[in-house]
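The block underneath contains the structure these notes are about, expressed in structure tokens.
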Amino acid sequence: MPATIIGFFENWLDLAAQYLLYPLFRFLDHGLSLFLLRPMELMGAPISLRIITTAALTAILSLTIRHMLRVREKEKQFLVFLTAKKHDQKQLELLEDWKLKKELYEFSDNEIDEEFNTYIAQRFAQYGLTYLLPIFLTMAWLEHHFPKNLLIEQLGHEHLLPLPPNPWGIDGLNTPALFLITYLCTILFIYITKLILIKPSTVPPAPLAAGKGQPEIN
């Protein structure tokens, strides 16, 4: 029976990959090539500029996914919950019955542990969807369109940006290196720009209410 169930799921996954994932990836490949890489090629943009543009757009996509997943709001909600629970635990010091105090402490700690484990699991999932998945898919796509043999044929070497002699022995930046550097620099630039342009709110925070009945932070 278990082997039958496993075989059913394997067949289902094969069908999903064959009729859903592969056509979807081919559609995205043709669309991005047509509207992103092809116009830049017709304009005579070097391969390095195409890689840089793609990396910058990927960074913007990651930040857009982060905003859609409401990562910042969920972080604030967890901190509000944790602060309220710590406040409740301090109030337990006023109880004279040490048995009741111990039981309430254990119950509160279990609530905090459960909420923390859920928060960590969500953080890992959000991290993968926000950063790792776009990076790996885009880099695989770029490696498909700009393999090493193509770079050697057009540039005479596999480095998109040759570097002068240096003590580290790095001859130049290849496709993954140029992509990752541009990706990180774009995210850092957007983050610093937001810190400069968006002033912190001067409105004092609302008082925290203990327990479940806390206002949701949007």
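The values are calculated or read from the model by the stated rules, or taken from the named source; none is laboratory data. Here the structure is a predicted model, which is why all the values come from computation and not from measurement. Heads up, the Cβs are rebuilt from the backbone with ideal geometry, glycines too, and the neighbour counts pull from every protein chain shown.
What is the residue count in the stretch 94-134 for residues that are more than 25 Å from residue 66 (Cβ to Cβ) and either surrounded by 13 or more Cβ atoms within 10 Å (Cβ to Cβ) or in the same structural domain as residue 25 (by TED's automatic domain parsing) (or both)?
7
Would you check if residue 173 is surrounded by 10 or more Cβ atoms within 10 Å (Cβ to Cβ), at pLDDT 90 or above and either under 30 Å from residue 140 (Cα atoms) or in the same structural domain as residue 75 (by TED's automatic domain parsing) (or both)?
Against the criterion (surrounded by 10 or more Cβ atoms within 10 Å (Cβ to Cβ), at pLDDT 90 or above and either under 30 Å from residue 140 (Cα atoms) or in the same structural domain as residue 75 (by TED's automatic domain parsing) (or both)), residue 173 does not qualify.
To keep it simple, each residue is scored yes or no on (1) at pLDDT 90 or above; (2) touching a strand residue (DSSP E or B) at 6+ places or on another chain (Cβ under 8 Å).
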| site | (1), (2) |
| --- | --- |
| 115 | no, no |
| 133 | yes, no |
| 140 | yes, no |
| 154 | no, no |
| 162 | no, yes |
| 169 | no, no |
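Among the residues of the stretch 70-129, write down those that are of a type in the set (Val, Ile, Thr) and over 26 Å from the mean Cα position of the chain (by Cα).
If the condition is that a residue be of a type in the set (Val, Ile, Thr) and over 26 Å from the mean Cα position of the chain (by Cα), then 83 is the only one that fits.
Looking at the structure I just gave you, is residue 61 closer than 30 Å to residue 159 by Cβ, in contact (Cβ under 8 Å) with a residue 40 or more places away in the chain and out of contact with any strand residue (DSSP E or B) (no Cβ under 7 Å at 6 or more places or on another chain)?
Here the answer is yes, as residue 61 does meet what is asked.
Would you check which residues across the stretch 137-174 are over 27 Å from residue 24 (Cα atoms) and of a type in the set (Phe, Trp, Tyr) and list them?
Within the stretch 137-174, 168 is the sole residue that qualifies.
Restricting attention to the stretch 141-200, which residues are part of a loop (DSSP other than H, G, I, E, B) and closer than 12 Å to residue 47 by Cα?
Of everything in the stretch 141-200, those that are part of a loop (DSSP other than H, G, I, E, B) and closer than 12 Å to residue 47 by Cα turn out to be 146, 147, 158, 159, 160, 174.
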